[in-house]
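Written out below as structure tokens is the structure these notes cover.
The values are calculated or read from the model by the stated rules, or taken from the named source; none is laboratory data. A quick note: this is a predicted structure, and the numbers were derived from the prediction, not measured. Cβ sites come from the backbone with ideal geometry, for glycine too, and all protein chains shown count toward neighbours. Side chains are part of the model used for accessible areas, which takes the heavy atoms of the whole protein and leaves out ligands, DNA and RNA. Shrake-Rupley method; radii C 1.70, N 1.55, O 1.52, S 1.80 Å.
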Amino acid sequence: MQLKDSIIWQMSNGLRGHFEDIPLSEDYQKAKEETVEKMEALEEKLKKYPELYTLYKEVLDATDNEYFIYADDVYREAFAFGLAIGREVFETSLLRSR
């Protein structure tokens with residue numbers, strides 16, 4: 001295997017492994033589009049009520065922050081778990097080859 005084919009090399013050089021760079025499905029894209037449309041409609045109605053509109057924006061900021069922390073935690077655990085599986089497979093195959 002050439003160095004550039006290594007997933008670990010690609011990750012450490014910023015080519016893979018970033019949450020923002022994961023290709024998302026068409027189903028996700030459609031769901032996101034629907035969410036944006038509904039949020040825009042809600043925002044238009046809430047603008048008539050400045051206090052509610054401000055609270056709504058604060059809730060969005062808080063849930064966005066919560067999601068980013070959650071996604072980062074899940075990514076870290078999934079990555080660590082994948083490495084642990086790889087290590088176990090590698091060590092098991094070494095033991096069998098002896």
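General remarks:
- Of all residues in the stretch 23-54, those satisfying the criterion of being of a type in the set (A, V, I, L, M), exposed (fewer than 11 other Cβ atoms within 10 Å of the Cβ) and assigned to a helix (DSSP H, G or I) are VAL36, ALA41.
- Screening the candidates ALA80, ALA71, ALA84 for the property of being touching a helix residue (DSSP H, G or I) at 6+ places or on another chain (Cβ under 9 Å) and closer than 23 Å to ILE8 by Cα yields one hit, ALA71.
- The stretch 6-22 residues that are without any contact (Cβ under 8 Å) to a residue 12 or more places away in the chain and outside any helix (DSSP H, G or I), paired with ones that are open to solvent by less than 80 Å² (accessible area, probe 1.4 Å) and of a type outside the set (Phe, Trp, Tyr) (beta carbon under 8 Å, 6 or more apart): ARG16/GLN10
A quick yes/no check of all residues on (1) modelled with pLDDT of 95 or more; (2) polar (S, T, N, Q); (3) over 30 Å from ILE7 (Cβ atoms):
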{"site": "LYS38", "(1), (2), (3)": "yes, no, yes"}
{"site": "GLU43", "(1), (2), (3)": "yes, no, yes"}
{"site": "LEU46", "(1), (2), (3)": "yes, no, yes"}
{"site": "PRO50", "(1), (2), (3)": "yes, no, yes"}
{"site": "THR54", "(1), (2), (3)": "yes, yes, yes"}
{"site": "ASP61", "(1), (2), (3)": "yes, no, yes"}
{"site": "GLY82", "(1), (2), (3)": "no, no, no"}
{"site": "GLU88", "(1), (2), (3)": "no, no, no"}
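- For the condition in a helix (DSSP H, G or I), within 18 Å of the chain's Cα centre (by Cα) and exposed (fewer than 10 other Cβ atoms within 10 Å of the Cβ), ASP73 does not qualify.
- Criterion: assigned to a helix (DSSP H, G or I), touching a residue at least 40 places away in the same chain (Cβ under 8 Å) and not small (Gly, Ala, Ser) - qualifying residue of PHE79, PHE68: PHE79
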